[in-house]
Amino acid sequence: MSWLRFFRRSRADAELQEEIDAYLAEETTENMARGMEPGEARRQAGIKFGNPRRVRETLWQQNTVSLVDTLCRDLKYAARTLARTPGFSLIAIAVMALCIGATTSLFTVVRSVLLRPLPFRDPGRLVMLYEHFRDARSNQEGFNYNPVAPADYYDWRAQTHGFEDMAAVRYWQFNLTGERGELPEEVNARGGSWNLFPLLGVPAAIGRTFAESEDRLDGTAVMLTWSLFERRFAGDASIVGGQIHLDGKPYTVVGVLPQWFTYPDAKVQVWVPYLSGLPPDIVPHHDYHFSTVVARLRPDVSLASALSQVEAVQYRLHSQNLNAPVAEDVAPRTINDDLARDVKKPLLILMCAVACMLLIGCLNVANLLVARGAARQKEVAIRGALGAQRLTLIRGQLTESLLICLAGGAGGVLLSLAATQWLSSTWKDLPSAASIHVDGVVLGFACAVTFSAAMLAGLLPAISSTGKAALAALQASSRTAGGNLSRATMRKTMLTVEIAVTVVLLIGAGLLLKSFARLRSTDVGCVTRNVLTLDYSLPAQKYASPEKVNAFNEDLLEKLRALPGVRAVAFGSSLPGEGYGGDDVFTIKEHPPLKPGELLPDALIRETDPGYFSALQIPLLKGRFFTGDDRLDHAKKVVISSALARQYFPGEDPVGRTIHVPARKDADYEIVGVVGDTLWQVGRPVMPTMYFPMLDGGLDHGGSLAIRTDSDPLAISVPVQKQIAALDPELPVSNVQTMQQAIGNSLGNARFSATLVLSFAVLSLVLASVGLYGVLSYLMTQRTTELGVRMALGARRGQVLRMILLDGLRPALVGVALGSAAGAGITRLIRSMLYDTKPLDPGVYVAVASTLVMVATLACMIPAWRASRLDPMQALRAE
Amino acid sequence: MAKHDKTDGEMLKGTLDMMILRTLVAGDAHGHTVAKVIERTSEDVLEVEQGSLYPALHRLEDRGWVSSYWGVSENNRKAKFYRLTVAGRKQLVLETSRWRQMIRAIGLVMGEELMADGGTR
């Protein structure tokens, strides 16, 4: 059979008709030649030929691809049936569109973030290497991946052979200006070892990548990312070979990176060689952890054996530096997981949540189809009696659900285009957000989802409504048809499943929401209301002496404090709740030396101006704050946090003791005060913290201003920026926002997963309650006569109401019980995403169960009420 | 497919195609001629049922054994003519030899003419 003929059936038929006509004419002529009357001749020719229609039908059949033909017929039939009940069809299509759309857009994000290989050469052999500490404290929040110290990286690279090459990347920030310091802007930068780009297989789009000789401490080569090249230099290739000024120092542009290269994120604007600009004393250290290492595995070596070489090197380094924080082990991570670290878990959980919603949507459509099946029982029975095979009937019904799902799938894909756009632009923590888009694979996924949904939603009702019992509908008294009972049972089972899944979703959402609320209301340990924050960083070139740095900072603080509406101003290297900000190890002079194998004490470091603590209302527990006298040569003072005092000075008064910080000019610092704890990030445990005087005039003095105001803090931002510009018009500021905004942004993941899971759960709840209502209304219609009889025999309205209500509530209650049990098991998976909330939080369970029972009661109430209002006489006449 | 009634002139399955091809060896012909030639040549023993002639012609055309064109009949009427193709000729040779083998085989099995009383002549 050929497809061509299939589509040319009508033409072939017309031709055949002509041929037949020609035959008849021929025969008639012959008959007339034999001496017949013209009429008789035609009649005899007709008799001889027989039934021309039969010939045409035979040929038509012969030309038909029967599968396609029946499919077309099924489709036509299904479309007509659906069009006859537009309300049902639209609801079903909307439900499927919503579910398929949500699933597709989540899949789009998951694919781009977790599954798609990065556009590097042979990305399967790239692996990120981290140090790994074994002690419990480092691992309390999950397996630790510790950044790598520069000396460790150089030793790994020199002493192991399992990897083709290893490259190191470090974070940096620059103040980018023109030659005369004009147009200042803070740019995100990365330092990458010279072999990074060849290792990744990334060529320069213009110019070249770094040379080995440029990767040195005083190296001044720089590469621009495409976005900076386009934005600031208008895509003018003559900038390659020219100079730009970073922190007031001239750098030579050696190349521009390709447009697609947005690794590790799109915010990076310039790349410098790894060593370029590093303080020289840092490089030989094994305990300055600030780099990530990317390595390319040799094709003939397994990851395990390559890794074991590196681990051997690392363990030796650990043994040689017993007290210093040098990790014992090395931990590998794929490059995709490395970029997605914070979003992987939320993404997977969201994916599970939409899958649940999809399941509920399918069950709901199945439920609706079962209800329709009941109304069409007679039709199915008649078709069956006329000889339609069961398979034909099932196929017919499946076609209907397929049509619904296809329309829903098309709507869903459109919906997911918008949803994906929204997700990738709103969810700030997603890596490679720019590359998230719908493509062929995603469309294929949407098709697969659509077809499986159609099967799931169509098969159950189709099988149930075409069973042997269906024929019973033809019997005289159709109200006793056996199909009703089993179908009602099936609908109730589906409802129970639907409700159970909804309960699981609601419990998950409730836990995430509670945890988010806990995060929101966390006390970071200082005032956060009415506080404006902004960052600036003094370029080392221009502020070359401690006196100059201090003069600027003190001038600025004084001017800001004098502004109307300003209550207090704090300036520090970083503010509470705004990130890690670095840590250092120290020793306590008055304590006995450490035992071998005991780790050096470690604490976060902050530099603060004297007004920092009082402005942020961090309480003084002992001793004193800094004063204006703790400056320059008199600045060897330190204020410690309560956690540091508790951990390292248990049962003694730390004030007056001395700590020695090797990384800080290798000097001794006198503890002058103890202050309350602050959180470095909401949701993470408190860490011991050391505060040093900002007024020591150190040269690396980027920092954050916190300005506490009387009213809306954002209103003061322009006057503040004007004051800064008055002192130094070339100094850029960044991250102008309120402290609450800053802290809220750090909770992006928690907020996102909580709201999204909640919205999926609420949608599922709506679907489930609509399902409940539908099933009960259907059951009531089925039982109209029975109810009429009951009422005629004296059943009271209250009794009828209770009966119907209980009938509907039973599957709901079973579903709640099942769902709670399943929830208890499943929510353990999200334990790590919960903050200060137990997976078995009784409050959440009670709230979910009561919400569901309440909604279920409401959904059941309407049909039950209607049943109790029945007029018995009318009900008895109904059939 | 509709079932055909049995007629006296019913042909062995598959032989119609072969006979059509054989008829066309003499030259191009339209459906009416093909039917007439078969009937005449078989001394009116075989009656070509029109219900199977045209589907058979189309089937042969699909397989590439005959080709067709619209022409003018001897009575000056527009008619669809069929022509034997090279592939059709090969097929005819093949089928003819198969047919002869079959006739011989059946002849061997049936032996001599059977008398009404069960004996052979």
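Taken together, the values in this text are just the output of simple stated rules run on the coordinates, not laboratory data. As the structure is a prediction and not an experimental result, all values here were calculated from the model. Glycine gets a Cβ as well: all are built from the backbone with ideal geometry, and neighbour counts include every protein chain shown.
Evaluate E = 1/(1 + (r/R0)^6) for residue A:161 and residue A:83, where r is the Cβ-Cβ distance and R0 equals 56 Å; express this FRET efficiency to the nearest 0.05. Please list the in-between numbers first.
On the way: r = 71 Å, r/R0 = 1.26.
Rounded to the nearest 0.05, the efficiency is 0.20.
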Most exposed first by the Cβ proxy, i.e. fewest other Cβ within 10 Å, how do A:349, A:360 rank? A:349, A:360
Could you size up the charge dipole of the protein assembly as shown around its Cα centre, putting +1 on the beta carbon of Lys and Arg and -1 on that of Asp and Glu, and report it in debye to the nearest 20? 4940
Ranking A:494, A:563, A:394 by how far each Cα lies towards the positive end of the charge dipole of chain A (+1 on Lys and Arg Cβ, -1 on Asp and Glu Cβ), the top one is A:394
Apply the Debye scattering formula to region A:552-604, with a single equal point scatterer on each alpha-carbon and no solvent, then give log10 I(q)/I(0) at q = 0.13, 0.19, 0.29 Å⁻¹. -0.60, -0.80, -1.11
Can you pull the three principal axis extents for the Cα set of region A:824-879, in Å, largest first? 62, 19, 12
Can you list, largest first and rounded to whole Å, the semi-axes you get for region B:15-110 by taking the square root of 5 times each eigenvalue of its Cα gyration tensor? 25, 16, 11
Would you calculate the convex hull of the Cα atoms in region A:253-300 and tell me its volume per residue in Å³? 163
Could you list the residues of region A:578-602 with an amide nitrogen less than 20 Å from a label point located 7 Å from the Cα of residue A:328 in the Cα-to-C-beta direction? A:594-602
Let me know the mean shielding of A:302-309 by other chains, meaning the per-residue number of their Cβ atoms within 10 Å of its Cβ. 0
If I model a spin label at residue B:78 and residue A:425 as a point 7 Å from the Cα along the Cα→Cβ vector, what separation in nanometres do I get? 6.3
Can you compute 3J(HN,Hα) from phi for each residue in region A:399-416, using the Karplus curve 6.51 cos²θ - 1.76 cosθ + 1.60 with θ = phi - 60°, rounded to whole Hz and x for Gly and Pro? 4, 4, 5, 5, 4, 4, 5, 5, 4, x, x, 4, x, x, 5, 4, 4, 6
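Is it possible to state the helix-based mean residue ellipticity at 222 nm for the protein assembly as shown, with each DSSP H run of 4+ residues giving -39500 (n - 2.57), the sum divided by total residues, to the nearest 500 deg cm²/dmol? What is it? Let's see the in-between values first.
Details: 30 runs with 498 residues, N = 1000.
It lands at -16500 deg cm²/dmol.
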Provide, in order from the shortest bin, the percent of all Cα-Cα pairs of the protein assembly as shown in each 20 Å bin, continuing until the bin that contains the maximum pair distance. 10, 27, 24, 19, 13, 6, 1, 0
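From the Cα trace of region B:29-69, what convex hull volume per residue do you get, rounded to a whole Å³? Before the final figure, lay out each step's value.
Numbers: hull volume 2.8 nm³, N = 41.
Spelled out: Cα convex hull of region B:29-69, divided by residues, is 68 Å³.
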Cβ neighbours within 10 Å from other chains - mean over B:79-92: 1
DSSP beta bridges in chain A [antiparallel fraction, %, rounded to 5]: 80
Three-way shape call for region A:488-609 based on the alpha-carbon gyration tensor, with the a/c threshold at 1.5: oblate
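Pop the C-beta distance of residue A:876 and residue A:379 into the FRET formula with R0 = 35 Å and round what comes out to the nearest 0.05.
Values: r = 26 Å, r/R0 = 0.74.
For R0 = 35 Å, the calculated efficiency reads 0.85.
Using only the alpha carbon atoms of region A:539-730, find the Kirkwood hydrodynamic radius as the inverse mean reciprocal pair distance, in angstroms to one decimal. Can you show the working numbers first?
Values: mean 1/r = 0.0569 Å⁻¹.
It is 17.6 Å.
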Given just the C-alpha atoms of region A:623-665, how large is their convex hull per residue in cubic angstrom? 89
Given 0.36 nm per residue, what is the gain on full extension from residue A:390 to residue A:542 after removing their alpha carbon distance, in nm? 46.0 nm
From the phi of every residue in region A:94-110, what ³J(HN,Hα) in whole Hz does the Karplus formula 6.51 cos²θ - 1.76 cosθ + 1.60 yield, where θ is phi - 60° and glycine or proline is x? 4, 4, 5, 4, 4, 5, 5, x, 4, 4, 5, 6, 5, 4, 4, 5, 4
Cα→Cβ-extended label distance, 7 Å offset, between residue A:259 and residue A:441, nm: 2.2
What does region A:123-339 give for Rg and for Dmax, in Å, if only its C-alpha atoms count? 18.1, 54
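If I stretch the segment between residue A:154 and residue A:212 completely, what's the gain in nm (0.36 nm per residue apart, minus their alpha carbon distance), one decimal? Don't skip to the end; give the middle numbers.
On the way: separation 58, 0.36 × 58 = 20.88 nm, distance 1.40 nm.
Using 0.36 nm per residue and subtracting the Cα-Cα distance, I get 19.5 nm.
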Residue exposure sequence - A:163, A:552 - by fewest surrounding Cβ within 10 Å: A:552, A:163
What nm value, rounded to one decimal, do you get for the distance between residue B:89 and residue A:281 when each label is placed 7 Å out toward the C-beta? 10.3
Setting aside same-chain residues fewer than 8 positions from residue A:344, which lysines have a Cα under 29 Å from its Cα? A:267, A:428, A:514, A:838
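Taking each residue of B:65-72 in turn, how many C-beta atoms of other protein chains fall within 10 Å of its C-beta, and what is the average? Don't skip to the answer; put the middle values down first.
Details: counts 0, 0, 0, 2, 0, 4, 0, 0.
So the per-residue partner count for this stretch is 1.
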Tell me, what HN-Hα J-couplings in whole Hz come from the Karplus equation 6.51 cos²θ - 1.76 cosθ + 1.60 at θ = phi - 60° for each residue of region B:63-74, using x for Gly and Pro? 7, x, 8, 10, 10, 10, 7, 8, x, 10, 7, 4
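For region A:253-394, report the translational diffusion coefficient in µm²/s to the nearest whole number, using Stokes-Einstein at 4 °C, 1.567 mPa s, and a Kirkwood Rh over Cα pairs. Show your work: numbers first, answer last.
Working: Rh = 22.6 Å.
So the translational diffusion coefficient is about 57 µm²/s.
Taking N as the number of residues in region A:58-217, what is its Cα Rg relative to 2.2 N^0.38 Å?
Values: Rg = 29.7 Å, N = 160, 2.2 N^0.38 = 15.1 Å.
Ratio of Cα Rg to 2.2 N^0.38 Å: 1.96.
Over the residues of region A:1-140, compute the C-alpha Rg and express it relative to 2.2 N^0.38 Å.
That works out to 2.39 for region A:1-140.
Determine one quarter of the surface area of the Cα convex hull of region A:3-64, which equals its mean projected area, and express it in nm² to one decimal. Numbers along the way, then the final one.
On the way: hull surface 16.3 nm².
Hull-based average projected area comes out at 4.1 nm².
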Residues A:869, A:624, A:383, sorted so that the one with the fewest Cβ neighbours within 10 Å comes first: A:869, A:624, A:383
Considering only Cα-Cα distances, which of the following residue pairs are longer than 23 Å: A:548/A:665; A:249/A:559; A:595/A:637? A:249/A:559; A:595/A:637
